[in-house]
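A short reminder: the numbers here are calculations on the coordinates, not readings from a lab. All values reported here derive from a predicted model rather than from experimental measurement. With ideal geometry, Cβ positions are generated from the backbone for all residues, glycine too; neighbour counts draw on all protein chains shown.
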Amino acid sequence: MRNYLMINGVSSADFGVYISGPGTFSAPAREVQMLQIPGRNGDLIVKADRLQNYELVYPAFICRNFDSNIAALRNYLLSQPSYLRLEDSYHPDEYRMAMYTGPFDPEVTQRLRAAKFELSFNVKPQRFLKSGEEYVAFTGTSPILENPTLFDAKPKLRLRGNGTFRINTLNYYTVQNNENETITIDCELMECYTGATARNADVLYTGTDTPVLNPGQNRLNFTGFDDIQLMPRWWTV
């Protein structure tokens, strides 16, 4: 079986391009701040709460319709100016957010009929699980949701009507001015909206911590809403 990439929903196989995957097993570095204290052995960890972007490189090759396919691939990749969804057939249950960085420098062989090259992406540290990108509907006032990973996840919520909710802690959201409408709350971006309309003014947050789904069991507390849906957005590294 030949392996391939999915780049914002477009298969590299559509361009006759296939990959190998030794780089797919790499992981991000942690950003750490250390402090040396005179007279004390060892360093003090001041901050170590952020994972960094890293470079992911796929060795690739193309072996059919070289002229047209290589031009189409080059134009497609370099027309994408921001993060895109990146999947590969080595890890069919995951996706990453990545930006193509290049350079694009194929090594042409077989009388300009084939080429080898590398596809380099700057990727965010998370490997998002596809199992975490579906909305789950909840009933009752305090259901339990199990996070199967070792990392805190920042969910997205769709709430119809007015009410309050919290995840685990005493910090809570209050949604108002939302009769017979559905409001989306993105806990990663800290943005609230209905369609293309900003709704931040209609959501009040009491507390200081961003709501997250911790590893293991999480208790969700909802009151007042007519419909409750949550996309957990599980991830690993």
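Of note:
- Computed [θ] at 222 nm, helices only, for the chain once each DSSP H run of length n ≥ 4 contributes -39500 (n - 2.57): -1500 deg cm²/dmol
- If the convex hull is drawn through the Cα atoms of region 131-236, its volume per residue in Å³: 95 Å³
- Only Lys, Arg (+1) and Asp, Glu (-1) charged, at Cβ; the chain dipole about Cα centre in debye: 460 debye
- Between helix 66-78 and the chain: long-axis angle, C-alpha atoms, 0 to 90°, nearest 10: 30 degrees
- Sparsely packed loop sites in region 92-200 (the trypsin sites (Lys or Arg not before Pro) outside DSSP H, G, I, E and B with at most 16 other Cβ atoms within 10 Å) comprise ARG111, ARG113.
- Loop GluC sites (Glu not before Pro), region 128-174 (other Cβ atoms within 10 Å of the site Cβ: 13 or fewer; DSSP): GLU133, GLU134
- Region 1-95: GluC sites (Glu not before Pro) in DSSP loop, at most 15 other beta carbons within 10 Å: none
- Charged side chains reduced to their Cβ positions (Lys and Arg at +1, Asp and Glu at -1) give region 5-125 a dipole of some 120 debye around its Cα centre.
- For region 190-208 and region 123-157, distance of Cα centres in Å: 20 Å
- Taking every lysine pair in the chain that is 8 or more places apart or spans two chains, those with Cα atoms closer than 19 Å amount to 4.
- Between the listed residues PHE25, GLY9, LEU35, the Cα displaced farthest toward the positive end of the dipole of region 1-51, a dipole computed from Cβ unit charges relative to the Cα centre, is found at LEU35.
- Most positive-pole-ward Cα, ALA196, GLN217, GLY163, against dipole of region 131-236 from beta carbon charges: GLN217
- Value of relative contact order over the chain, rounded to a whole percent, pairs C-alpha under 8 Å and six or more apart: 20 percent
- Among the listed values [x] 20.2, 70; [y] 17.9, 62; [z] 22.5, 69, the one matching Rg and Dmax of the Cα atoms in Å as calculated from this structure is [z].
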